[in-house]
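All remarks here apply to the structure that follows.
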Amino acid sequence: MDPKAHWEKIYQTKQPTETSWYRPHLEVSLELIESAAASRDARVIDVGGGESTLVDDLLARGYRNCSVLDISATAIDVARKRLGADAGNVTWLCGDATTFEFGRHRYDVWHDRAVFHFLTAEIDRVAYVRQVANAVKPGGHVIVATFGPEGPTKCSGLDVVRYDPQRLHDEFGGRFKLMGHRTELHQTPTGTIQQFIYCYCGIEVSEGR
C-alpha cells in the first residue's frame, strides 16, 4: 500500500469535520506547546498537521515561526485555503515524516498528534526517532500523542500501535527526557470516545554543545 495515495484518498473523500481525529481546537496540544515554548519566536512544527486547526490557534497566539508537515497535499491545501492571507505566515511541507529532509536542529518544538501510532514497523519507528533527533535543537521539546492502551486498534482502515506513557517514551530512548504525560478522552464527530496518550519530552544537550 502506498501511504501517500491512502491519505490523499481519505482527505479527498471526507470533510475535515468527518475525520475521527477532528477537534475544533487541540487544547492539550496548545497547552503543552505553550509550556515548551513561551517565546513566540520559537520554531514549531506540526507533523501530520494536515487539516488540523492547531496552526490557526498558534498564529492567533502570536507564534511567528510555524511549520506544518503532512503526507497529503490535499490536506495541506485545505488548511492553506482556510487560513487565507495568514497562510503566507506558515511554512508548508509535504512529505513523509520518516523520510523528509528536515534542516538539522531547525525546530524548538516538534508536535505530532496521531502520526506515530501508524508506524507499525520497527524500521519506520527508528527512522522517525532519528528524524526527530536531527530536526529538533538540543534543549528543544517533543510532543507526541498516540492512541492509549484503551484506544482503537485501527484507524482509517490501518492498523495502529497503542502505547502507555512508558512504552511510548521507550521508543525514543534515553536522550529524550520524559517531562510529563497526559491522557485525553477524545470524542470523535460520531460520538465515539478514543483514548489518547500525550508524552512531552525534552532533548538533552550533549556535552560540548
message: Can you report the number of residues in the stretch 97-110 which are out of contact with any Phe, Trp or Tyr (no Cβ under 6 Å at 6 or more places or on another chain) and either hydroxyl-bearing (Ser, Thr, Tyr) or in a helix (DSSP H, G or I) (or both)?
response: 2
- prompt: Which of the residues spanning the stretch 3-35 are among the basic types (Lys, Arg) and without any contact (Cβ under 8 Å) to a residue 24 or more places away in the chain?
  reply: LYS9, LYS14
task: Quick one: GLY50 ticks every box in (1) within 20 Å of TYR22 (Cβ to Cβ); (2) in a loop (DSSP other than H, G, I, E, B); (3) modelled with pLDDT of 95 or more except a single one, so which number is it?
output: (3)
- prompt: For THR99, all conditions in the list (1) surrounded by fewer than 16 Cβ atoms within 10 Å (Cβ to Cβ); (2) under 24 Å from PRO24 (Cα atoms) hold save one; what is the number of the exception?
  reply: (2)
message: Please go through (1) surrounded by fewer than 18 Cβ atoms within 10 Å (Cβ to Cβ); (2) more than 21 Å from LEU58 (Cα to Cα) for ARG106 and return the number of the only condition it doesn't satisfy.
response: (2)
query: Looking at (1) free of Cβ contacts under 8 Å to residues at least 12 places away in the same chain; (2) surrounded by 14 or more Cβ atoms within 10 Å (Cβ to Cβ), which is the one condition that is false for ASP170?
result: (2)
message: Checking LYS81 against (1) out of contact with any Lys or Arg (no Cβ under 9 Å at 6 or more places or on another chain); (2) surrounded by 20 or more Cβ atoms within 10 Å (Cβ to Cβ), only one condition comes out false. Which one?
response: (2)
- prompt: Within the stretch 126-133, is even one residue more than 19 Å from CYS199 (Cβ to Cβ) and touching an Asp or Glu at 6+ places or on another chain (Cβ under 9 Å)?
  reply: no
field: The one condition in (1) closer than 27 Å to PRO3 by Cα; (2) out of contact with any Pro (no Cβ under 7 Å at 6 or more places or on another chain) that ARG162 fails to fulfil
entry: (2)
field: Tally, over the stretch 1-38, of residues that are out of contact with any strand residue (DSSP E or B) (no Cβ under 8 Å at 6 or more places or on another chain) and either assigned to a loop (DSSP other than H, G, I, E, B) or of a type in the set (D, E, K, R) (or both)
entry: 16
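The values are calculated or read from the model by the stated rules, or taken from the named source; none is laboratory data. This one's a predicted model, so the numbers in the text were calculated from it and none came from an experiment. All Cβ positions, glycine included, derive from the backbone under ideal geometry; neighbour counts span all protein chains shown.
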